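Inspection log for the structure reproduced underneath, given as structure tokens.
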Amino acid sequence: MCGIVGYVGKREAFPVLIEGLSALEYRGYDSAGVALIDKGSLVVWKNKGKVAQLKAFAEKKVKPGSTIGIAHTRWATHGVPSQANAHPHTDAKNRIALVHNGIIENYAALKDKLKKEGVVFKSETDTEVLAQLVGKYYKGDLVGAVSQALAEVDGTFGIAVIAGDNPDVLVGARRGSPLVVGVGDGEYFLASDASAIVRYTKRVIYLKDSSLVVLNRSDHTIMDLDKKVMTYEIQHVDYTAEALAKGGFPHFMLKEIFEQPDTIRNAMRGRLLVDDGSARLDGLNLVMQQLRQINRIIFVACGTSWHAALVGEHMMEEIAGVSAEVEYASEFRYRNPIIDPHTLVFVISQSGETADTLAALREAANKGATVLGICNAVGSSIARETHGGVYLHAGPEIGVASTKAFTSQLTVLALLTLLLGRMRRISHDEGITIAQALQEIPEQVKKILKQNAAIKDIAKRYWKHNNFIYLGRSYNFPVALEGALKLKEISYIHAEGYPAAEMKHGPIALIDKDLPSVVIALKDSVYEKVLSNIQEINARGGQVIAIATEGDKNIKKYAAHVIYVPKTIPMLSPLLSVIPLQLLAYHIAAFRKCEIDQPRNLAKSVTVE
Ligand code: M6R
């Protein structure tokens, strides 16, 4: 779980690398480092801590004139965050430097072998083994040495490598971890994703899996790991570096919460067919006949994407009449799921790089399933390896806590429900009702966002509490889970999500004046039941923050605080009820002065199992 950047060209490499690392910090931020070539020798600067600390520490010491280098921001997997374990890693003779994202699974065996050959290791990392291997094989041909070393490793890697005596060549390679090449004028960039390089060039090559790239100032060659030249396509990235900035908000998370009217609209643009009461999803790559034959869907995902899948399951069964189930990706791959020709597997992932989800995708594909993706990151590993799918078009999500991706996932799942439902049991009129309701969602979200200040006031009253419970039923049970996840991951407050009716089977014992309950109590088929649950909480001295439907005055009798959301149809209600929960978590974390965009122990894209 790391971000890597490489540069070869005519500029001073250090500032380019530092800027690139700053854009990639969402991938990991416990240590950072840079390696440059200065007059035929490698110079390495690395430190525990964030990129800003590395910059402050190295800036004045770096001599001008280095126009090639590699850099890394780390999220520890092997060995604690420390200077020794920070990347870049060098070989025993200090001739090559290497940065790595991924995991070398057979590193222990390789390390033992190298130790017997006399190599002394400086770190606890799996990556140093790879650096030492490249060093062992390096006799002036960097590409040859990298290719020879990679042939010995099992596991995943995205790497960038330079050699001190070869100041014109930057080598990159990937297997299972993302890597993109930026094509400039007399210069090349290499990075874990395009956000690190868009300020310099919009022309990029998304490297295919198991490929190797050789970059010098005027040329590039892309090969497979056996050095056979491969075809590739130069693409134009359509978001700017500015799009990545916070846009006036104190945190990316808040900016992303406020982007949701637009991102939800983007997810349905060109896909929602209001007059037909249906949807078109071209990327599925399935013909109508195939779609009609599907009788079961398995959704596979992790974290917030898994919560979206739970809502999708409900929509699919209740509205479209297709049997659906939801699996944690990390569990799916270790069971023996039954997949028949009429089962469709949908993997859902914002980043498209989540290791558990990718592994589940491969397991399903291996069993002969048609695997489709719902992804945000264009060109990501999941997007590439699925047979087809639907992009969210939500733009880069930088805050570690997923917000806009969740609502875009719900939007795509609603479109999918419409499409499959119209082939089965949704009538034309029912389809139109759903499509019109979906069309209204962006404006309804805008209306909820206007209550930001009021939600902040509620947060101000509760931010010192150390435990919360979130309750919801039916379509809004997954939203309770999502609300609790948002709060715990950014504020470090213990929060549990529960189906409201399950409370009486245990969690009710927790209720007292110190445990606030956030209850989603919309005017739907379970409203009266949820109201009873609220009364049970009141009877035990608990305080209730209710998410209610606009116009419901009755609920004020039972809840200490009410946040209203506009009325919509039940299947779309999670798109609205989740917004106050995102804001509540955000403001509570802000009052607690937490690092909202980069919470402790977490990273944006979890590329390890
Ligand atoms: O990129 P993905 O959607 O595959 O990520 C899955 C989870 O790691 C992610 O949703 C995580 O739970 C977030 N931190 C939630 O806010």
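Remarks
- Qualifying residue in the range 571-591 (condition: assigned to a loop (DSSP other than H, G, I, E, B) and not assigned by TED's automatic domain parsing to the domain that holds Ile319): no
- Taking residues in the range 4-28 that are without any contact (Cβ under 8 Å) to a residue 40 or more places away in the chain, and partners anywhere that are among the β-branched types (Val, Ile, Thr), the pairs with Cβ atoms closer than 7 Å and at least 6 places apart or on different chains are Ser22/Val51.
- Listed here are the helices (runs of 4 or more DSSP H) enclosed by the range 248-297 that have at least 2 residues being over 22 Å from Ile319 (Cβ atoms): 252-258, 260-268.
To keep it simple, each residue is scored yes or no on (1) out of contact with any Cys (no Cβ under 6 Å at 6 or more places or on another chain); (2) within 22 Å of Ile455 (Cβ to Cβ); (3) not in a helix (DSSP H, G or I).
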site	(1), (2), (3)
Val479	yes, yes, no
Glu489	yes, yes, no
Gly497	yes, yes, yes
Ala501	yes, no, no
Ala509	yes, no, no
Asp514	yes, yes, yes
Val519	yes, yes, yes
Lys523	yes, yes, yes
Glu528	yes, no, no
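- Hey, Asn538 part of a helix (DSSP H, G or I), of a type in the set (S, T, N, Q), within 28 Å of the chain's Cα centre (by Cα) and not assigned by TED's automatic domain parsing to the domain that holds Leu254 or not: no
- Considering each residue of the range 352-360 in turn, at least one proves to be within 11 Å of the ligand (Cβ to nearest atom), of a type outside the set (Val, Ile, Thr) and farther than 30 Å from Lys255 by Cα.
- The residues in the range 444-471 that are surrounded by fewer than 19 Cβ atoms within 10 Å (Cβ to Cβ), over 26 Å from the mean Cα position of the chain (by Cα) and in a helix (DSSP H, G or I) can be counted, and the count is 7.
- Flag if Glu318 is surrounded by fewer than 20 Cβ atoms within 10 Å (Cβ to Cβ), assigned to a strand (DSSP E or B), away from the ligand (no atom under 16 Å from the Cβ) and in the same structural domain as Asp356 (by TED's automatic domain parsing): no
- Exactly one residue among Thr343, Thr370 is touching a residue at least 12 places away in the same chain (Cβ under 8 Å), more than 13 Å from the ligand (Cβ to nearest atom) and in contact with a His (Cβ under 6 Å, 6 or more places away or on another chain), and that residue is Thr370.
- In the range 133-146, the residues that are surrounded by fewer than 22 Cβ atoms within 10 Å (Cβ to Cβ) reach residues that are modelled with pLDDT of 95 or more with C-beta atoms within less than 6 angstrom, at least six apart or across chains, in these pairs: Tyr137/Ala145; Tyr137/Gln148; Tyr137/Ala149; Val143/Val171; Val143/Val214.
- Screening Ile339 with (1) of a type outside the set (D, E, K, R); (2) under 20 Å from Met316 (Cβ atoms); (3) part of a loop (DSSP other than H, G, I, E, B); (4) in contact with a Phe, Trp or Tyr (Cβ under 8 Å, 6 or more places away or on another chain) gives one miss only, at (4).
- Some residue of the range 217-238 being of a type outside the set (D, E, K, R) and within 23 Å of Gly28 (Cβ to Cβ): yes
- Scanning the range 149-183 for residues that are among the small types (Gly, Ala, Ser), out of contact with any Gly (no Cβ under 9 Å at 6 or more places or on another chain) and touching a residue at least 60 places away in the same chain (Cβ under 8 Å) returns a single hit, Ala151.
- Matching residues in the range 9-31 - criterion: being under 22 Å from Arg175 (Cα atoms) and not in a loop (DSSP other than H, G, I, E, B): Gly20, Leu21, Leu24, Glu25, Tyr26, Arg27
- Applying the condition of being without any contact (Cβ under 8 Å) to a residue 40 or more places away in the chain and of a type in the set (Gly, Ala, Ser) to the range 532-576 and asking which residue is nearest to Ile511 (Cα to Cα) yields Gly542.
- Counting the residues of the range 194-210 that are farther than 15 Å from Gln235 by Cβ and of a type outside the set (A, V, I, L, M, F, W, C) gives 4.
- Across the range 472-498, the qualifying residues are those that are without any contact (Cβ under 8 Å) to a residue 60 or more places away in the chain and within 16 Å of the ligand (Cβ to nearest atom), and the one among them that is surrounded by the most Cβ atoms within 10 Å (Cβ to Cβ) is Ala480.
- Neighbours by Cβ (under 7 Å, 6+ apart or cross-chain): first from the range 97-112, in the same structural domain as Ser177 (by TED's automatic domain parsing); second charged (D, E, K, R): Ile103/Asp126; Ile104/Asp126; Glu105/Asp154; Asn106/Asp154; Tyr107/Asp126; Leu110/Glu152
- Any hit, the range 253-274, residues being in the same structural domain as Ile398 (by TED's automatic domain parsing), hydroxyl-bearing (Ser, Thr, Tyr) and under 28 Å from Asp429 (Cβ atoms): no
- Every residue from the range 15-49 that is among the hydroxyl-bearing types (Ser, Thr, Tyr), under 14 Å from His87 (Cβ atoms) and out of contact with any Lys or Arg (no Cβ under 8 Å at 6 or more places or on another chain): none
- For the range 378-406, the set of residues classified as among the small types (Gly, Ala, Ser), more than 11 Å from the ligand (Cβ to nearest atom) and over 30 Å from Ala589 (Cα atoms) consists of Gly379, Ala383, Gly388, Gly389, listed by residue number.
- So Ser349, is it among the small types (Gly, Ala, Ser), away from the ligand (no atom under 16 Å from the Cβ) and over 20 Å from Ser573 (Cα atoms): no
- When every residue of the range 562-581 is checked against the conditions, none turns out to be more than 30 Å from Gln436 (Cα to Cα) and over 31 Å from the mean Cα position of the chain (by Cα).
- Lone unmet requirement of (1) hydrophobic (A, V, I, L, M, F, W, C); (2) within 16 Å of the ligand (Cβ to nearest atom); (3) assigned to a loop (DSSP other than H, G, I, E, B); (4) at pLDDT 95 or above for Ile426: (2)
- Residue count, the range 129-157 (criterion: closer than 19 Å to Lys116 by Cβ and within 33 Å of the chain's Cα centre (by Cα)): 10
The values are calculated or read from the model by the stated rules, or taken from the named source; none is laboratory data. Remember, predicted model here, so these are calculated numbers, not experimental data. Note that we place each Cβ from the backbone using ideal geometry, even for glycine, and neighbour counts take in every protein chain shown.
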